[in-house]
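Just so you know, all these numbers are worked out from the coordinates, no wet-lab data involved. Predicted model only: the values in this text are computed from it and were never measured. Cβ placement follows ideal geometry from the backbone for every residue including glycine, while neighbour counts extend to all protein chains displayed.
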Amino acid sequence: MVVLVLLIGGLYSAPNLYGEDPAIQVSGVRGAEVNALVLDTVVAKLDEAKIEYKKSELAEGRILVRLKREDDQLKAKEAIGDSLGDGFVVALNLAPATPGWLQAFGAGPLKLGLDLRGGVHFLMEVDMKEAMNKKFTEMEEDFKADLREEKIYYRRIAQTGSGEAVRVQIRKAEELDDARRFIEKKYPDLVVIEDSKTSEPDLLVSMTEQKIKETRNYAVDQNITIIRNRVNELGVAEPLVQRQGQERIVVQLPGVQDTARAKEILGATATLEFKMVYQDGDIGAAMNGRVPPKAKLYDSKKQGPVLLEKKVRLTGDHIVDAQSSFDQYGMPQVSISLDTKGGNKMSAMTKDNIGNPMAVVFIEYKPTEVKDKNGVSILKKYEEVISVATIQARLGRNFVITGLDSSSEAHNLALMLRAGALIAPIQIVEERTVGPSLGQENIDAGFNAVMLGFGLVLLFMLVYYKKFGLVANVALAANLVMIIGVMSMIPGATLTLPGIAGIVLTVGMAVDANVLIFERIREELKDNRSPQQAIHHGYDSAFSTIADANITTFIAAVILFAIGTGPIKGFAITLAIGIATSMFTAIVGTRAIVNATWGGKRIEKLSI
Amino acid sequence: MQLLNLSETVNFMSLRRITSAFSILLIVASIASFATKGLNWGLDFTGGSLIEVSFEQSADLTKVRQVMDENGFGDATVQNFGSSRDVLIRIAPRLHAEGESVGEKIDSKMIGDTIMSALTAMDDTATMRRIEFVGPSVGGELREQGGLAMLTALLCILIYVALRFEWRFALGSVSALGHDVIITVGLFSALGIEFDLTVLAAVLAVIGYSLNDTIVVSDRIRENFRKIRQGEAEEIINISLTQTLNRTMVTSFTTALVLLALLFVGGELIKGFATALLFGVVIGTYSSIYVASSIALALGISKEDMMPTEVEKEGADQDQLMP
């Protein structure tokens, strides 16, 4: 069993020996698909630029080209980027050079933390107060429209001063119950109570715990989706966008150095505009420069060029939600909800336009390389028609867009509609940037420290316990291999500088179990037991001590992991893994070696 | 080879009055230093900005300070970091009054970038090594979280040891841990070494390490109480400490070896971590011998408490002891 476990540990830590290839990664944005055709273009361009590459592959919707030389990376990026144009992002990457037979076992190298590979780490906070305020404003508008429809007259509907509820002031006291019943029935996730503090017929409407949670989650999720989109456009290989706690988002961009630009792109604003397709124009003439005065020529990926009216009928800040789903025939669709005002506008716009096509334009302001004299990037406006659909009926607050080709198209459209909708503002609350030179230095320093500490301990154990020391050293080496193996195996685990410190500490403490056992054996020998008995008793009586000691340290490591953030987590995870593997190698592993060496023989003296 | 070849039992406990006084003195000094000087909290806890820059030649600190002044960062501290070519600049968090404009907020996040471009203008060999910005609210939270982590760890360990051994040992070992943590933090306060997140991790690791030591000793004491039929509690503790002394020394020595390796070649960023742990290992070794056992003894540990009871009910044996 020992051999088997060690083999597995060795197998999974093996990829770390192979290093990484400099690589170029091509991926599509906004629904642009990376296919075999694109791969051919990329390969042709590389041949043209006389850049040598090891291998090119198309997998998981992206192209990865492994280059022979690191110097070629930038040249290759330029060559490919120029030929592919807007819809694709070309990024520099380092691809693990793990051989295929190891990959077949799902083995890959250790993932390095930002402090070791360089890059930017942002912690962003969603302004929840603002998100809740928006929700309440929406509620106010809904109630106004609903009560009017029900012919229940109100004096005033507004958010309370504390900002936790909406106060609905009804004109006639006898209608209070009607209003109450109506709201309760229509909005089951709201809580309606009569305000007992005033003599007026007032209702206080607040959200249930569940609803508040949903609203918060929605605000965070929406921001995550948008940030993810933008990060993809930054062209970063292996970015991480993740929720942390209630209202925070972690963004990690390995390899990015220009933080100012990254911040600008992450903070870019996007809006949507609904427009009618211009009916009387001639596309051919417009493309030759004769655009009618009331129209504007746009480009759309799906339909080619289209002429749209200049007049904006509805803007994206009226969109409350957009979700992709399937209709009753299983066809993909996108359902959109607008706020009350938006619903009214939509209704007015579509009333006279049934049968006519309507377009959605996505507008984004992105920073360019050009900077003004204050060092702030000049923003450039990007416009794109993301949908053209024929109006089938008079639309209201909720409607669907059908006729989409695939569910991925529906998904993308919903994503962009949400991105253009009004969102809860976010703020950067923490930022850490590590330059590439420091990252490499940290790796070197960490590696040296591990090796030096390891060497010193090996030497000491050998001198102090002689042959048994040698056994402990074999176990220690096996332990190191297993820590790295386990770390490589766990998908989310990354190695950070404090993590390396954790490994170093484990090396020092891992010998403790062996020291306990060996000291016991020495004691037993002093009590004039035979060598075989001494070994047997030594292992047996030391076991409970070792278990107790390790379990308590393990508790500390688990608590560190659960409560700590960032560097503390990195340290805790290596410490916990180290404790588990060292228990195994120091007790089971050394016993196997000791039994194989000294077991079943009559021996007079032990080399300990 | 053997570090110590002890044929006789060392009378550790005879010194326990002196060491108790020594421990109390250290704790009082630590608390006093903490109360008067406080801790040199790192960026992680205070919030603010930090920029590490390296130049090709030795950096001219006065010139760097001048650049800081010109850009409105007169309060920045500028110092060498690791070598004369590396410079570390720290800027305290910019506090905002209520109702300030959003524009200013973004500014405070751009500090790092502003300074970097100013420094490259001064000397184009300046390369960015690291920029950190921590918002003041995050800093405060981290401090709370750190304290909470420490308390939770101590409490969980207390429960485990109490279940596994006996409440007197649990109290003894947790006091030993508290003792180690207070004195380690006290050292950082007295010497004014920066206390950041990695140091906090180290202090928590000290808890783990010191506990390891204490458990091994307690385990042996329990075993000996059961094995050696006659003898006073004090004598049995002495025997146990003598028996485990070799192991305590060897493990502390190997751990210290790797920590020294970290301290000297592990790089600048890990120095605080290694210092805290190294000190913690020394104080932890001492406390496992003196603090934990002395307290267990002072609380009146006796042979009867250690005997495996036939009624497997927690606390049943303790009730009988109550007067």
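Odds and ends about this structure:
- Between region B:263-279 and region B:35-53, the Cα center-to-center distance that results, in Å: 18 Å
- In plain terms, if you count all Cα to Cα distances in region B:10-98 and split them into 10 Å steps from zero, the share in each step is 14, 27, 22, 16, 13, 8, 1 percent.
- Between region A:38-98 and region A:293-370, the alpha-carbon center distance in angstrom: 36 Å
- Per residue of peptide A:538-549, the mean number of Cβ atoms on other chains within 10 Å of the residue Cβ is 4.
- Computed from the C-beta positions of B:Q230 and A:T597 and an R0 of 35 Å, the FRET efficiency is 0.30 to the nearest 0.05.
- Helix axis angle, A:209-234 relative to chain A longest principal axis, alpha carbon, degrees: 80 degrees
- Highest average first, the peptides B:192-205, A:436-449 ordered by how many other beta carbon atoms sit within 10 Å of their residues are B:192-205, A:436-449.
- With R₀ fixed at 45 Å, the C-beta to C-beta distance from B:E268 to A:T208 puts the FRET efficiency at about 0.30.
- For region B:208-266, the fraction of C-alpha pairs more than 16 angstrom apart is 52%.
- Per principal axis, descending, Cα span of region A:96-249 in whole Å: 79, 29, 26
- Loop-resident chymotrypsin sites (Phe, Trp or Tyr not before Pro) (DSSP state other than H, G, I, E or B) in region A:1-77 with no more than 15 further Cβ atoms inside 10 Å of their Cβ: A:Y18.
- DSSP H segments from chain B that extend 20 Å or more along their own axis, Cα-based, with Kyte-Doolittle mean of 0.5 or above: B:16-36, B:136-164, B:167-191, B:197-227, B:233-265, B:271-289
- Modelled spin labels at A:D444 and A:E70, positioned 7 Å past Cα toward Cβ, are 1.1 nm from each other.
- In this simple spin-label model, placing a label point 7 Å from the Cα along the Cα-to-Cβ direction at both B:A118 and B:V10 gives a separation of 5.7 nm.
- For chain B, the fraction of C-alpha pairs more than 26 angstrom apart is 58%.
- Mean per-residue shielding of peptide A:453-460 is 4, counting Cβ atoms of other chains within 10 Å of each Cβ.
- Per-pair calculated FRET efficiency, R0 = 56 Å: A:L4 and A:T402 via Cβ, rounded to 0.05: 0.50
- Contour excess over end-to-end distance, with Cα ends at A:E48 and A:V463 and 0.36 nm allotted per residue: 143.2 nm
- Region A:268-315, Cα convex hull volume normalised per residue, Å³: 99 Å³
- Computed over region A:269-423, the P(r) curve from all C-alpha pair distances, binned at 5 Å from the origin, holds 2, 9, 16, 20, 20, 15, 9, 5, 3, 1, 0, 0 percent per bin.
- Beta bridges per DSSP, both residues in chain A: antiparallel share near 95 percent.
- Share of pairwise Cα separations in region B:149-265, more than 17 Å, in percent: 63 percent
- Within 10 Å of each Cβ in A:439-452, the average number of Cβ atoms from other chains: 5
- Alpha-carbon centroid distance for the pair region A:536-606 / region A:201-239, whole angstrom: 45 Å
- Convex hull (Cα only) mean projected area of chain A, reported in nm² to one decimal: 39.7 nm²
- Taking the alpha carbon gyration tensor of region A:181-290, multiplying each eigenvalue by 5 and rooting it gives semi-axes of 42, 30, 11 Å, largest first.
- Charge tally around B:G146: other residues with Cβ under 12 Å, Lys/Arg +1 each, Asp/Glu -1 each, net -3.
- Compared with the rule-of-thumb size 2.2 N^0.38 Å for a compact globular protein, region A:1-102 has a Cα radius of gyration ratio of 1.30.
- Taking max minus min of the alpha-carbon positions on each principal axis, region A:437-598 gives extents of 58, 29, 23 Å, largest first.
- Mean residue ellipticity, 222 nm, helices only, the protein assembly as shown: the sum of -39500 (n - 2.57) across DSSP H runs of n ≥ 4, divided by residue count and rounded to 500, is -18000 deg cm²/dmol.
- Note, ³J(HN,Hα) from phi for region A:339-349, Karplus 6.51, -1.76, 1.60, rounded to Hz, x at Gly and Pro: 7, 4, 4, x, x, 4, 5, 4, 5, 5, 5
- Globularity ratio of region A:129-213, using Cα Rg and 2.2 N^0.38 Å: 1.01
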